[in-house]
Amino acid sequence: MRVDVVSIFPEYLAALDLSLVGKARTAGLLDLRVHDLRAWTDDRHRTVDDTPFGGGAGMVMRPDVWGRALDDVLDDGAHLVVPSPAGEVFTQRTAERLAGEEHLVVACGRYEGIDARVAEHYAGRVRVTELSLGDYVLNGGEVAALVVVEAVARLLPGVVGNPASLVEESHGAAGLLEYPVYTKPAEWAGHAVPDVLLSGHHARIERWRRDRALERTAERRPDLVAALDPAALDRHDVAL
Ligand code: SAM
């Protein structure tokens, strides 16, 4: 997959050199290119923003600068992602959908955001999705770009060493939060690991994990339980 991120703070994306995403880049599984939006400015001050039409506080990113950048970076098969607190909320389903794309371009806004004509204009040429990380406001789209790239990249074949670890995760196909996990030592600070996990009895461990996942999800995210397909529950699940 190819991903282009355009930002006025390209250094912000340096974290994508690290860990699994960094390894995926080195291995050629992810072709990630980070661009400085100011490379497409044409004045001495490398201006990317201006005052809002209609008045009001703050500055708005200019469509002409973004237009030059996106005309260069977007090809016709690309999917343009525009982080915005007014966008659709980014979830694991969105990450799965985007992981099927060949080319993503992430346009990171700053200030009061990008002139609204930019998303409108490119929607006539490519798929455009405005994505929100959640109901709060960040200073810029770079954190959203980091989140989207990491969540999508780990779904690409070969990026996570053991693909089985993607199966039972929170927000996966089961629609549940993951069960609690433990490692050595078996006793720590007066807290013991649940006996069943030391039993070596695989069926009982599976059952215990499923029960804890259901219990946790019901306690913390009743909205996820309400969205479960009843056909995916067994008799024991329903009794919980
Ligand atoms: N004036 C905008 C509003 O109220 O909707 C907020 C602009 S925000 C200060 C600047 C940039 O941060 C946005 O253009 C977007 O790129 C990014 N951003 C802020 N909050 C975000 C969120 N919840 N999800 C995704 N991106 C966000």
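The values are calculated or read from the model by the stated rules, or taken from the named source; none is laboratory data. All values reported here derive from a predicted model rather than from experimental measurement. Note that we place each Cβ from the backbone using ideal geometry, even for glycine, and neighbour counts take in every protein chain shown.
General remarks:
- Residue match in region 21-32 (condition: surrounded by fewer than 15 Cβ atoms within 10 Å (Cβ to Cβ), in the same structural domain as Val105 (by TED's automatic domain parsing) and closer than 21 Å to Gly113 by Cα): no
- Positions within region 118-147 being within 18 Å of His79 (Cβ to Cβ), among the acidic types (Asp, Glu) and in a helix (DSSP H, G or I), in sequence order: Glu120
- Test set (1) buried (at least 20 other Cβ atoms within 10 Å of the Cβ); (2) in a strand (DSSP E or B); (3) not hydrophobic (A, V, I, L, M, F, W, C) - Gly87 fails condition number: (1)
- Taken together, Leu214, Leu224 contain a single residue that is in contact (Cβ under 8 Å) with a residue 40 or more places away in the chain, within 14 Å of Ser170 (Cβ to Cβ) and hydrophobic (A, V, I, L, M, F, W, C), which is Leu224.
- Test: Thr26 is more than 30 Å from Glu169 (Cα to Cα), away from the ligand (no atom under 16 Å from the Cβ) and of a type in the set (S, T, N, Q): no
- Filter pass, Val34 being in a strand (DSSP E or B) and either touching a Phe, Trp or Tyr at 6+ places or on another chain (Cβ under 6 Å) or under 27 Å from Ser170 (Cα atoms) (or both): no
- Selection within region 90-104 - within 16 Å of the ligand (Cβ to nearest atom) and part of a strand (DSSP E or B): Leu104
- Restricting attention to region 120-137, the residues being of a type outside the set (Val, Ile, Thr) and either closer than 16 Å to Val3 by Cα or surrounded by 15 or more Cβ atoms within 10 Å (Cβ to Cβ) (or both) number 7.
- Qualifying position, being more than 16 Å from the ligand (Cβ to nearest atom) and among the polar types (S, T, N, Q), among Ser170, Ser84: Ser170
- Listed by position, the helices (runs of 4 or more DSSP H) inside region 183-240 whose residues that are exposed (fewer than 15 other Cβ atoms within 10 Å of the Cβ) and hydrophobic (A, V, I, L, M, F, W, C) number at least 2 are 235-239.
- Looking only at region 105-164, residues that are on the phi > 0 side of the Ramachandran plot and either away from the ligand (no atom under 16 Å from the Cβ) or not assigned by TED's automatic domain parsing to the domain that holds Gln92 (or both) come to 1 in all.
- In this structure, Glu150 does satisfy being closer than 15 Å to Glu96 by Cα and either among the charged types (D, E, K, R) or part of a helix (DSSP H, G or I) (or both).
- Filter result for Val167 (within 30 Å of Val60 (Cα to Cα), surrounded by 10 or more Cβ atoms within 10 Å (Cβ to Cβ) and either assigned by TED's automatic domain parsing to the domain that holds Ala95 or not small (Gly, Ala, Ser) (or both)): no
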